[in-house]
Structures are given as structure tokens and as C-alpha cells.
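**Student:** Got a structure for you, questions after.
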Amino acid sequence: MKPTPMMAQYLEIKSQHDDCILFFRLGDFYEMFYDDAVTAARELEITLTRRDKKNPIPMCGVPYHSAKGYIEKLIDKGYKVAICEQMENPREVKGMVKREVVQIITPGTVMDGSLDESSNNYLMAILKDRDYHIAYADISTGELKVTTCTEEILLNELASIKPSEIILREPLTEELLMKVNQITTVVSVHAAEGTVPEQAAGLTPLAQEVTALLFDYVTETQKRDLTHIEQAAIYQAIDYMRLDLYAKRNLELTESIRLKTKKGTLLSIFNETKTPMGHRLQKEWIERPLINETAITHRHEQVELLNDRFIERDALREHLAEVYDIERLVGRVSFGNANAKDLIQLKYSVEQLPKINQVLQLIGLEQIDDRQVEGLNQMLDALEEEAPISIKDGGIFKTGYHEELDEYRDASKNGKQWLSQMQQAERERTGVRSLKVAFNKVFGYYIEISKANLHQFNADEFGYMRKQTLTNAERFITEDLKEKEALILGAEEKMIDLEYQLFIELREQVKAYTVELKRIARRIAELDCLQNFSQVAMKNDYVRPTFNKRKLQLTDSRHPVVEKVMSKEEYVPNDCHLDDDQYIDLITGPNMSGKSTYMRQVALISIMAQMGSFVPCAAAEMPIFDQIFTRIGAADDLVSGQSTFMVEMLEARNALKNATADSLIIFDEIGRGTSTYDGLSLAQAMIEYVHDHIKAKTLFSTHYHELVQLEDTLPALENIHVAAKEYNGELIFLHKIMPGAVENSYGIHVARLADLPAEVISRASAILDQFEKTESNVQPVKTEQVREPQMSFDLFGSSVEEELKQLDIARMTPIEALLKLQALQDQLK
Ligand code: ADP
Ligand code: MG
């Protein structure tokens, strides 16, 4: 069937924007058709209809005036929306109205409303030659950064930056795309070359090219100029501690593994920032711990000064709380969409600077250089404190700012006064006591007389002309009133126009302060993070760490997050000691005793120290780690489509390939995802490899008791264990790290704690007894196998058929499946 002319126009425009949901303007609605309609109806929970009966094209629509909320919802869900407007007034043209896409809103380019102030919204362009060249910007703050890296570092960077949208010139390989998609799903291919923007001056040709790609995409979608984006800052990933995707995720730095929220993360501990800029920078500091000792020490020194002067620190916190989001305010000023309220917030913020400087001086911290913005405050003082949000309704400037404006205001005000005098005079002249002079938008000024008074009233006698008849009143106009009306309304209109003009001028002048304001915003953000460190350190009893290349010596260390969910007495502090001669700790201990907590705690403390914070210890002496690697059982690997065991091996590979003697490795129960023999052999081989070749500081927890014998052959390895006690047949966790290996793995005790059926527990104890009696001819490995709950299926005595039915194949690794199959077969033999 041939499409109607309008549908032909729709299809033509849609074909140029096929990766967007097209909002097609039809009168007072934006309509969506075909797949767009199906998607939008589902995501926005609006009704899906048909264009007409004969023509079953799916469609849905949202009213023009409430479209904003719907668009934000789609963007939040990772869609891109193209706004197609009518370019002509339908009443003035014959035939088809011209339509054009005027803006494309994408997750990386939103400027207003839905932006979360606690995080940056980054848009990133990636180009590949031998290496990857990346440029990323937050359009709302104007920040722009570029770097070059390998594929592996690219993934780490993505995990830190978490861009909400990625732009490429050519599609990524399937394999890389899968990895990238774990971080962001909005990947746009943008084929244009783009011209090199000023902001990329002086960069290498490829860095310029990728910045050009980024800018071209923004100009294309936003159709606005980008002068507010700052000069590109070049950085090297190597200047920061290297944390790969897995380490970031496993250590729950800014996002929890399971719920993907802030709760339970390291970031959640540092929740004392007072400004949005500080909050965003805090997140960056956690994602990017430093490796330069001078830089780290500089942060520690400032925190110490703040700790010493807590009264001044409190004052500083109060002043910071009065500072608004300068970065984004400045972004809006440059982008040309700041209103009077924004400028007033900017004024309040700048007004805090002298007060902040005063406290900084008392504390002994470097003050903020605000000399360049002194004029700004005076300039912004012209604004009325209660200015409206719209800049098109007047009421923006204070009296005395502009002479002509004051004159219009007087004219309008005097006119109003004159009107109330007129009301009094007319009442007396006509004898109608209830006569009113009033105004409405449609009819302008009028004199109103109620019906009750009309019968005795002769309009002509007083020169009244009828204007409008209501049910219970009549409205009139006089020559005098007409004249005054023209004067008052004229003045008001001129006043509003003039205020608008003056505001635009003022905003342009403020724009000149962009660079200075950004520098100030940056320093405020830093101060905010430092006072946050100080506040958190005081509140939680942290100490300043010192650095020592050769050893890691933590005294009474605690897990910063876990200790917060317990009372202070409950959390058991532990020591940690590793040095150049003894750099591997092999940790044993029953399930639930605290192995994982202990290992994470050491990693988190290292990260805290290197980001400039104090640490949850009684004393801490530590090396500066170049990288931290983790292998910690993650719960959600199934979601990413990789088997748990595969992820485990990928994480291990990352560590073994990249770690150096200056790194920290956390291996938590390596080998769990496969059969006992496989796992045990892999674990032992890895330990030996780290011991002989890498020599990284390593914490290795294991449930393979066989491994404790490695202490005899590997001189740099030491056994430690988490103590637990058996008391009246119950297991008591002491959570205390002790030298040596654990003797009993207490698996059945833990099973009892988990409230397994009593029959299972007693049967398991009996079987275990059997094994222990015949220990001499049973391999310890096999004992382990029986103790593993997931391997103990044959203890339940259920039929093979029943077992098969119960299998959750999607959740098994191939090796688990094979083992299971073998076990089932054994039962039938
Ligand atoms: P494992 O890895 O040995 O199975 P976890 O590290 O997961 O044990 O710890 C189990 C639980 O024990 C934690 O959720 C925590 O509540 C508690 N825990 C761990 N370490 C400590 C400690 N040092 N002090 C107090 N409670 C602890
Ligand atoms: Mg554990």
C-alpha cells in the first residue's frame, strides 16, 4: 500500500534518524509510529493505537506541553529521542507542512532537569588505530579530557568514567562491544569527520580527531555552539592506581555488586560533602587513587590541618553548604540557558568566598584566589532576590539599575495609582458606591457597575461606553481610561522587553568569568573533599597512614563499611603484615569466619590511603600500590553471560599478566567454580607463579587445606587463619586473624547455622565420622568433596529422576554439569 504524503514525510525523516525514537509533531501532539510506537507505549505506559482501521500502523502520542517528562523518562532508560517540529504554521500553508528534526536528545547530551547532581554525565568518543584514543566531556559542566590507551586500560577507564553514551566512527568488534555493554548500552555510530575545535589545539593528530568526532556529534544533535567546553586536559591512566573493571566492581567502591546502588559502598562512607561539585569529585577520587607520594601526602597534610582545627572545619562546612553548583551554573551561563535564579545562586556562591578564605587562613590552608571575580558580585547585585524563573516576565532587576527601566516602572506604577484615584472620583461623580475600576487580559481596563445599580444609571450622561455585558454586571470604558490604559500597557510591555534585553547582556558579561569561576569551583570541590575526609576520619577514628616501600603493616585494621553496620565493640580489628621477604598470606578458616571481609579490608584501606584519606586502623604503614587485583566470588556473573568459572579465570589472568612486585593481589577462594581437583591444581599453580615471578603482596584465601603445606616449600608464603571455636557443639566465630593454618573446616557447623534439615545435618556428621575413621586411606581431597554442600546430592536419597528434574542447568558450569552427570550415573550402577 502506498503511504499517504504525511507518512511518506515521516518515513523519510525517520530513515535519517533510525537509531532514535522520533517524536513527530502533529498539531498539539508528538506522535510515534511503528516500532517506535511499540517501544514508547511500553516504556512510557501509554496507550498504543492504530493510525486508522484500514491502515494498521501502530501509533501512540504524547501532548506537546507535557512532552518533557516523557522525553526524560526515555533518556533515563537509555533511548535517544529526535524532536521533529513543524517548521511552518499549518494555517498559513496549503498542503504538507514542512517538518524538521530540531534537536536530538541523548543520554550523554542532556543539559537540564533530569541530571543527577551527585554524578557527572559523560559523553565519550572513542577512535581506534593501534591504540584507543578517547575524548570525553560533561556538557553540563564543560569538562573535557583526552587520553590514549590499550584495550585493557580502555575497559578500566570505562569502568571509572561510566559514560552514559559512547560515540564511535565504526562499530566495535562483537567481543569488545560485549565488554563495553557491561558498562554502558548507549553506543552511537557517528560517521562524520568533524572539524578540529579550538579546545583541541596542540593535541596529537589522533587526539584532535577524536575530540572533533565528539564535538561534531554534539553540534549535530544539539544544534548549539560549544564555546563553554574548556580546553582539553590530557591525562594518562598510568598516573593513577590501576584498578581494573573487576576490582572496582568487587570492592564495591561506588556501586554495590548486587543492587548497583551506593548503599554499602566505600563512597557511602564518605558522605559528608557539602557541595554538588565536591560530591562529584569525591566519586572521582575514589575511582582514581593516586600513586604519586608527594600528591598523596599533600592531601593527608591538609586533612590533618582540618582535623586539628575542628571549630574552623565546622565553619568551613557551613559556608560550603551555602555554595551552589557553580560548575553547572557556569555551564548554563555559557550555554545560554541560565535564568535569573541561576545567576542569583551564582551570586550567593561567590559571596561565600571571602568567608571561606577567612577560615582557610585560620586553618592554615591555601586560600582561594577570588580577586578576578570581585567585580562579578557587584554586577549580580543588580538582580532582584525574588526574580521569577522565566526571563520573559520582567521583575528581574532591582530599582536603580537602569534609568529607562525605572521610568517605565514609574509610568506603570503611577498609572495604577491614577486608576485607584479615578475609581474614587467616578464613585463620587456617578453616585454609584460599588463602582469598580479593574483589569483583565482580554479586555484591558474597564469600569464595572453591578446590575442592581444599572436601572437608575444613564451611561451617556457620564460619557460611559459599553464594553461587555455579564449576567450581573455591565462593563464600560471612558476616553480617559482608554488613554491611561495605552500608557500603562505600553510601559509594561517596554519594561518587560527591556528587562529581557538587559538580562541577556548581563548573562553575556558573566560569561567572561567562565574560566575563573571554573577554577574556583574546582578548588571548592577539592576543599569539600578534604573536609569530607577530615570529618569522616574524626567521626570513625581513622589514622593518617605513612608510606614505606618495603612493607605493609596494619595494626588493628577494620573494614570501613562492615564496621559501620555493627556496633563498635562488635567489630574485631585485625593486623596485617606483609613485606618483601614474606609477601604471601595464605588464609584458611571456616565459612563465615571473616576471610573475605579481611581481604577486602586490606584492599580498601590501601585505596583510601592513596586517595588521600585517613584509614580505619590504629596505625598503618604501607607501600604505594601501583595496582590492585581482585578475584572475589561475584554473585551476578550469570547476568553478563559468562559462567562464574570463566569470570574467575579472566580475573586471575588479569592479575597474573599485569601485576608487579608493587601490586596488591586479593585472591578469594580461587578455583571454587570447578571440580575440586581442577580448582586445587589451579590455585596451587597460581600461588607458585605469584611467589616465584611476580612477588606482589598477596592475600590468598582458600578452602583447600592441602595448600597449607606450601608453607614448607615457598619461603615467602605464610599461613594465617581466622579463628573459630567449638563450644557445646556450636561454632563461635572469633573473626580474629591468627598465625598458622586452621585445623577444622567446620562445614557442617555452618550448615547447621544455615538451618538445614536436622536429618541432613546428622547424616552428614555420620558420614564425616566414617571418613575421619578411615582417614589413612582416604584422600583429603575426597573428604572435601563430601563436605561441599552442592556436591552432597546423594545424601538426600532422592531418585535420579527427581534429581534430574530439579537441576537448574542455566546456573551450572559445564564442569559442574559433567560432574553431576557422572554422579547420577554412579547412583544407577
Ligand atoms: P568468609 O569469607 O570467611 O566466609 P566473610 O568475610 O564473608 O566470611 O564474613 C562473614 C560475616 O562475618 C560478615 O558478613 C560479617 O558480618 C562478619 N565479620 C567478618 N569479619 C568480622 C570482624 N572482623 N568482626 C566482626 N564481624 C566480622
Ligand atoms: Mg568468603
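The values are calculated or read from the model by the stated rules, or taken from the named source; none is laboratory data. The shown structure was predicted, so the numbers you read here are calculated from the model rather than taken from an experiment. Positions of Cβ are generated from backbone atoms using ideal geometry, with glycine treated the same way; all protein chains shown enter the neighbour counts. Remember, those area values only see protein heavy atoms, side chains included, never the ligands or the DNA or RNA. Shrake-Rupley method; radii C 1.70, N 1.55, O 1.52, S 1.80 Å.
**Student:** Rounded to whole Hz and in sequence order, give me ³J(HN,Hα) for region 445-454 from the Karplus expression 6.51 cos²θ - 1.76 cosθ + 1.60, θ = phi - 60°, writing x for Gly and Pro.
**Tutor:** 7, 7, 10, 10, 10, 6, 3, 4, 8, 6
**Student:** May I ask for the net charge around Asn719, where only other residues with Cβ less than 9 Å from the Cβ of Asn719 are counted and Lys, Arg are +1 while Asp, Glu are -1? Please list the in-between numbers first.
**Tutor:** Numbers: positive: none; negative: Asp585, Glu711, Glu718.
Every neighbour counted, the sum reads -3.
**Student:** Rounded to whole Å, give me the distance from the Cα center of region 526-593 to that of region 85-161.
**Tutor:** Each part's Cα centre sits 40 Å from the other's.
**Student:** Where both residues lie in the chain, what percent of DSSP beta bridges are antiparallel, nearest 5?
**Tutor:** Looking only at bridges with both residues in the chain, the antiparallel portion is about 65 percent.
**Student:** Give me, ordered by chain and number, the residues 5 or more places off Ser188 or on other chains with an amide H under 5 Å from its own placed amide H.
**Tutor:** Answer set, sorted by chain and number: Ile166, Ile167, Leu168.
**Student:** Please list, by residue number, every one of the trypsin sites (Lys or Arg not before Pro) in region 13-83 that is coil in DSSP and has at most 10 other beta-carbon atoms within 10 Å. Let's see the in-between values first.
**Tutor:** Details: sites: Lys14, Arg25, Arg42, Arg50, Arg51, Lys53, Lys54, Lys68, Lys73, Lys77, Lys80; in loops: Arg51, Lys53, Lys54, Lys77, Lys80.
Filter output for region 13-83: Lys53, Lys54.
**Student:** Residue-wise, which Karplus ³J(HN,Hα) couplings in Hz belong to region 4-21, taking 6.51 cos²θ - 1.76 cosθ + 1.60, θ = phi - 60°, and x for glycine or proline?
**Tutor:** My calculation for region 4-21 gives 5, x, 5, 5, 4, 4, 4, 4, 4, 5, 4, 5, 8, 9, 6, 8, 10, 8 Hz in order.
**Student:** Over region 122-239, what is the percentage of antiparallel beta bridges among all DSSP beta bridges, to the nearest 5?
**Tutor:** 60 percent
**Student:** Can you give the local net charge around Phe547? Use residues other than it whose beta-carbon is closer than 9 angstrom to its beta-carbon, Lys and Arg +1, Asp and Glu -1.
**Tutor:** On the way: positive: Lys549; negative: Glu293, Glu621.
Spelling it out: positives minus negatives among the neighbours equals -1.
**Student:** Which pairs in the list Lys223/Lys262; Lys355/Lys539; Lys451/Lys484 are over 29 Å apart, alpha-carbon to alpha-carbon?
**Tutor:** Going by Cα-Cα distance, Lys223/Lys262 fall outside the 29 Å limit.
**Student:** May I pose another question? Which ³J(HN,Hα) values, rounded to whole Hz and listed in residue order, are derived for region 359-376 from phi using the Karplus coefficients 6.51, -1.76 and 1.60 in 6.51 cos²θ - 1.76 cosθ + 1.60 with θ = phi - 60°, glycine and proline given as x?
**Tutor:** 5, 4, 5, 4, 6, x, 9, 4, 7, 8, 7, 10, 4, 5, 10, 4, x, 4
**Student:** Among all the lysines, which ones have a C-alpha under 17 Å from Lys54's C-alpha, if same-chain residues fewer than 8 places away are not counted?
**Tutor:** Lys2
**Student:** Here's a follow-up. Counting only C-alpha contacts under 8 Å and six or more residues apart, can you give the relative contact order of the chain as a whole percent?
**Tutor:** Numbers: 1343 pairs, mean separation 74.8, N = 829.
Normalised by residue count, the contact order of the chain is 9 percent.
**Student:** How big is the equivalent ellipsoid of the chain along its three axes, where each semi-axis is √(5λ) from the Cα gyration tensor, reported in whole Å from largest to smallest?
**Tutor:** 66, 35, 27
**Student:** Among Lys77/Lys283; Lys341/Lys436; Lys179/Lys248; Lys162/Lys274; Lys260/Lys518, which pairs are too far apart, with a Cα-Cα distance over 25 Å?
**Tutor:** Lys341/Lys436; Lys260/Lys518
**Student:** Moving to a separate point now. With the other protein chains left in place, how much accessible area per residue, in square angstrom, belongs to the chain at a 1.4 angstrom probe?
**Tutor:** So the chain comes to 48 Å² accessible per residue, rounded to a whole number.
**Student:** Work out the length of the dipole vector of the chain about its Cα centre, built from +1 on the beta-carbon of each Lys and Arg and -1 on the beta-carbon of each Asp and Glu, and round it to the nearest 20 debye. Provide the component values of the computation, followed by the final result.
**Tutor:** Numbers: 95 positive and 132 negative charges, 451 e Å.
Rounded to the nearest 20 debye, it is 2160 debye.
**Student:** In deg cm²/dmol and to the nearest 500, what is the mean residue ellipticity at 222 nm of the chain if only DSSP H runs of at least 4 residues count, each as -39500 (n - 2.57), divided by the residue total? Write down the numbers at each step before the final one.
**Tutor:** Values: 27 runs with 356 residues, N = 829.
Result for the chain, helices only: -13500 deg cm²/dmol.
**Student:** 5 Å is the cut-off here: which amide hydrogens, built 1.01 Å from N in the peptide plane, fall below it relative to Phe547, excluding neighbours closer than 5 in sequence?
**Tutor:** It is Met622, by chain and number.
**Student:** Listed highest first by mean packing, meaning other Cβ atoms within 10 Å per residue, what order do 337-343, 756-762 come in?
**Tutor:** 337-343, 756-762
**Student:** Rank by packing, highest mean first: peptides 817-827, 403-413, with packing defined as the count of other Cβ atoms within 10 Å averaged across residues.
**Tutor:** 403-413, 817-827
**Student:** Sum up the charges of everything whose Cβ sits under 14 Å from the Cβ of Ile167, counting Lys and Arg as +1 and Asp and Glu as -1, but leave Ile167 out. Could you put the intermediate results ahead of the total?
**Tutor:** Working: positive: Lys80, Lys128, Arg169; negative: Asp19, Glu165, Glu170, Glu193, Glu209, Asp216, Glu220.
Around Ile167, the surrounding residues sum to -4.
**Student:** Keeping the other protein chains in place, figure out the carbon and sulfur percent of the accessible area of the chain, with a 1.4 Å probe. Mind dumping the intermediate values first?
**Tutor:** Values: 20360 of 40000 Å².
Heavy-atom surface of the chain belonging to carbon and sulfur, 1.4 Å probe: 51 percent.
**Student:** How would you rank 6-13, 523-530, highest first, on the average number of other Cβ atoms within 10 Å across their residues? Display every interim value, and only then the final one.
**Tutor:** Details: 6-13: 15.2, 523-530: 24.5.
Result, highest mean Cβ count within 10 Å first: 523-530, 6-13.
**Student:** Something else now. So how far, in whole Å, is the C-alpha centre of region 653-684 from the one of region 345-372?
**Tutor:** 51 Å
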